[in-house]
Structure formats: structure tokens, C-alpha cells
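First comes the structure, then the notes that go with it.
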Amino acid sequence: MTAEALSATLFGPEDLRMVRRSLPDVAPGMVRVRMRAGGICGSDLHYFRHARTGDFVVTSPLTLGHEVAGEVEAVGDGVCSAPTGLTHS
């Protein structure tokens, strides 16, 4: 069974869609974090309203959100330890 997740993806000004995406296998040295909560920032609002912020213009679908918390779901080979409980990135 392929793991999937929903992604808040911006396609243009005020065109935000929830897109189901397949998740890749967990690669060696990596961990997968299941997101439990997320927020948006001022830049995300500019992207949503205008599909741009500063000099950066959205020209292809863009996944918004980078202020998230979650739980470690899977650990790849070679990872000797991973945080437990909620993590923040």
C-alpha cells in the first residue's frame, strides 16, 4: 500500500486546493513525520492572495505551510535515534 498525504497546494492567486500525494519510501538516513498541526505565516498569505511575495512568483503548483508539528512515523536505515512525541520544524 502506498502512503499518501493531503497537501495544501497553491495553483494561482486565491486558487488553493487540497491535493492527495503519494509519499516516497523513507530513504536511508531520513525520517517521516506525520503532521498533526500546521500554521501559516504572512508570506503564505501573500502567496495565497497574489501568488507571489517579493521577487518570488509562483509559476507552478506550490505547497504552502512550513510551521508544523507532528510525530515520527517511520525511520530509515542508518538513523540511530529520532525524537519522540511532538517535534517542531
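The values are calculated or read from the model by the stated rules, or taken from the named source; none is laboratory data. What you are looking at is a predicted structure, and each value in this text was computed from that prediction instead of being measured. Reconstructed Cβ throughout: ideal geometry from the backbone, glycine too, with neighbour counts over all protein chains shown. SASA here: full protein model, heavy atoms, side chains in, ligands and nucleic acids out. Shrake-Rupley method; radii C 1.70, N 1.55, O 1.52, S 1.80 Å.
Taking all protein chains together, Leu45, Leu23 sort by accessible area into Leu45, Leu23, largest first [probe 1.4 Å]. Net charge in the neighbourhood of Gly38 (other residues with Cβ under 14 Å of its Cβ; Lys, Arg +1, Asp, Glu -1) is -1. Under 5 Å from the amide H of Glu73 lie the amide H atoms of Arg32, Val33, Arg34, each residue being 5 or more positions distant or on a separate chain, with H modelled from the backbone and absent for Pro and chain starts.
Listed values (i) 1.09; (ii) 1.04; (iii) 0.97 include one computed from this model; for Rg/Rh (Cα atoms, Kirkwood Rh) that value carries the label (ii).
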